[in-house]
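What follows is a short report on a single structure.
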Amino acid sequence: MIELKKIINDLETDFYQNLRENLHKNKANNFLLLLESYRTGEHDDSSIMEKLQINKNSFYVLKSRLHDKIQISITGESEHDSNALLNQIALINEKCFNSPRSVAIAFLTKLAEDLLNFDMHVELIYVYSALKKLHLYSDKYYYYSSLHNKQIALGISGAKCEEILGEFNRYLGEYHFTRSQDNLEKLIFLQKEIENQVKLNPAKKMQLIKNIIDVQFKLFCNHTDKLTSELLETITSCYDLMNHIPKNCFLHEIDYIIDIFSFEYYFRKKENSKATEYLDKIEIDKNRILLSSAISLTSLHLENRFKYFQLHKEYDKLNIELNSKFLTDPFDSFTEINLKIYKSLINFVLGNAKEAHLIIHDILNLKILKDHTHLIIELKLLDVFYQIELEDFEMALNIISQIQRKIKAEKVNYSHVNHLIKIFTGFINNKKSNNLSKLLDEFTLFEARNSGRYSVFNSLSFILNTKLKAHETT
């Protein structure tokens, strides 16, 4: 603690009078006596303790608390508002070169304390740099130099965490389209990288970034129906961490991603009321949710968003979705493709199979799909179903042949797709007779085996099942 008496004596008259009036107004008589005694020099410490009837320990606490009150007054009581702290950063040079040294140092040390509460390491670099300058001829210079260097390291660590998060989302998009082991291993590696970074820099923001990575991995790479309570705890902790990071942090602009995680969790758990609650929250930010792909690959949410509206027969909302202007990054091909698939599915459900087919056709013509085997198979399966609905059976059979050749050439385990192909060919061969009941057995086998990394046709399996059952009863 900087010598309190010197700080009080260095305070400008107007500032001192305002402080004195506030203490008087709040009936803080002990603080007021200490303030006036140090300002006027009428009493030494012994006589002050005697007047207040306190011992040395209590007197030290009193001095410490008065020191804190003065610091808060100097910094404008900004410790509860990260935006106000940023305003204080702009005052550093003014305080350093236009105020008594004791006042400037009190201002900076209080500001540093408040910034630490918000893990604002980049801003702390400026504060400790200023404290270094003010202590250039003091033995504390090396102390503040050490703190300055530490904040630089923590700032770099924070930037690294953001970089890892971006890389994770990029590879998550690649993995979603390819389901390759190589991309999966990259995601696992990045998980370990972020874990190591958080060990070095356990700031709330870094913990939140780690949670975002962990939740996405468990939701979109785990490929099991087992959603553990541990996952829910991680999602819940995201809300708590968000409340403890500065309001100016970019993560506050996309806090809806945690609501998306919650929706995904409860929808998969078939807890409809909870899923609806979080989907309603997402609706507020609906048009901008796809802009956050550097932080969370939110376009992966579109599949279950579609399934929710479909299962609840909310066709009016699907029609609104079809005409909604979702903001996207034009360079983010993963989000652009997922959005097009979403629009294709909506068109199909609303009875416009021709438009649904045209959208899929446009996607399949993109050059970037060359090595994306899983996505190609998924899109072609959708297109077969569309062609059957359009009764273009020749085209449907042609696409089925393409799928079979693709699976054979890639030597990937898509044996479950054969059940789906049998269902499609059954539709084609039995369209006139409507004798499709035997295909329900094939659908049961498909559903049983359509799990894990290479699962397909999840968006329309419910409609296919409904269609099969409808034909069975006719």
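Every number in this text was worked out from the coordinates using simple rules, so none of it is lab data. These figures come from a predicted structure and were not determined experimentally. All Cβ positions, even for glycine, are placed from backbone atoms using ideal geometry, and neighbour counts span all protein chains on display.
Using alpha carbons only, the radius of gyration of the stretch 4-136 set against its Kirkwood radius gives Rg/Rh = 1.00.
Using 1/(1 + (r/R0)^6) with R0 = 60 angstrom and r between the beta carbons of K199 and N398, what's the FRET efficiency to the nearest 0.05? Approximately 0.65, to the nearest 0.05.
Here the residues I209, I407, ranked from fewest to most Cβ neighbours within 10 Å of their Cβ, fall in the order I407, I209.
Note on the stretch 303-446: percent of Cα-Cα distances in each 10 Å bin, starting at 0 and stopping at the bin with the largest distance, equals 10, 36, 38, 15, 1. Of all lysines in the structure, those lying under 24 Å Cα to Cα from K408, and not within fewer than 8 positions of it along the same chain, are K367, K370, K380, K422. For the chain, the alpha carbon convex hull comes to 187 Å³ per residue, rounded to a whole number. About its Cα centre, the stretch 4-136 has a charge dipole of approximately 340 debye under the convention of +1 per Lys or Arg Cβ and -1 per Asp or Glu Cβ, with nothing else charged. Seen from a random direction on average, the alpha-carbon convex hull of the stretch 132-284 projects onto 11.2 square nanometres. Stokes-Einstein diffusion of the stretch 204-305 at 4 °C, 1.567 mPa s viscosity, Kirkwood radius from Cα pairs, rounded to a whole number: 94 µm²/s. Ordering D285, D240 by the number of other Cβ atoms within 10 Å of each residue's own Cβ, fewest first, gives D240, D285.
Cβ under 10 Å from Y171's Cβ, Y171 left aside: what net charge do those residues give with Lys, Arg +1 and Asp, Glu -1? Surrounding charge for Y171 is -2.
The three principal axes of the C-alpha atoms in the stretch 188-250 carry coordinate ranges of 36, 24, 18 Å, sorted with the longest axis first. A simple charge model with +1 on the Cβ of Lys and Arg, -1 on the Cβ of Asp and Glu and nothing else charged puts the dipole of the chain at about 840 debye relative to its Cα centre.
Here the gap between D316 and N458, fully extended at 0.36 nm per residue and compared with their Cα-Cα distance, gives a gain of 48.9 nm.
The slack between I156 and K56, meaning 0.36 nm per residue of separation minus the straight C-alpha distance, is 31.6 nm.
For the stretch 68-160, the fraction of C-alpha pairs more than 23 angstrom apart is 19%.
The C-alpha atoms of the stretch 1-63 occupy a region whose extents along the principal axes are 32, 24, 22 Å, arranged from largest to smallest. Dividing the helix sum by the residues of the chain, where each DSSP H run of 4 or more adds -39500 (n - 2.57), gives a mean residue ellipticity at 222 nm of -23500 deg cm²/dmol. Looking at T109, Y141, S299, which one has the Cα that reaches farthest to the positive end of the dipole of the chain (charges on Cβ: Lys, Arg +1; Asp, Glu -1)? Going by the charge dipole, the pick is S299.
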